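Just so it is clear, none of the values below were taken in a lab; they were calculated from the coordinates. Model, not experiment: these values are computed from the prediction. Because the Cβ atoms are built from the backbone with ideal geometry, glycine has one as well, and the counts that use them run over all protein chains shown.
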Amino acid sequence: MALSNRQYSLRSRTGSSALEIVTLVVIFGLLAAVAFPVYDRMRENHQNARFHGEISKVIEAFAVYATENEEYPESRGPGTPPEGVEDYINRFDWTAPTPFGGEWEWVTNHHGVKAAIAVLDPDVSEDHLLRFDKTYDNGDLQTGQFRFISEIRYAYVLESGPDEGEDAGGERPRNAAGR
């Protein structure tokens, strides 16, 4: 017995079957499983590029300052630009959080370095920093220009100090995991 047009149109408006709903849920789940990691990688790449761009400006500013003044400025603490550097780092907000979280810090003659621009207590994971380091340095968080200079300081080292590998108390710097 064939269904009339009226019976067919009534039946098709009654809703979706459970199988159709489950199929849609599975399709959306698969799309989400693919989209979220891609989004996370894109966000991390943007964060890394932003950090590299910001720190590159500051590196250049401190290099020019050191060339013109024949020395690096003294540290003044986290979130505070060194005295005399403001004109060199114009339009850079030293007091704002870094793209990696934490605070900007200028470090001189401490933690085994003569001069470094550090992120004090970054919010990103050590794995994130390692991926950044592989892209922009040597892929080792203990050596190279970008490295941990203390347990809570990830830094770009402009110039190493004579006591490379030790801080003022004779303790070797450790990474964020305490190793």
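Each Lys or Arg adds one and each Asp or Glu takes one away; over the other residues whose Cβ falls under 12 Å from the Cβ of Glu83, this sums to -2. Of the trypsin sites (Lys or Arg not before Pro) found in the range 60-115, those that fall in a DSSP loop while having at most 12 other beta-carbon atoms within 10 Å are Arg91. For the range 17-160, relative contact order (Cα pairs under 8 Å, six or more residues apart, normalised by length) works out to 16 percent. Entry note: the range 17-160 has Rg to Rh equal to 1.19, where both radii use alpha-carbon atoms and Rh is the Kirkwood radius.
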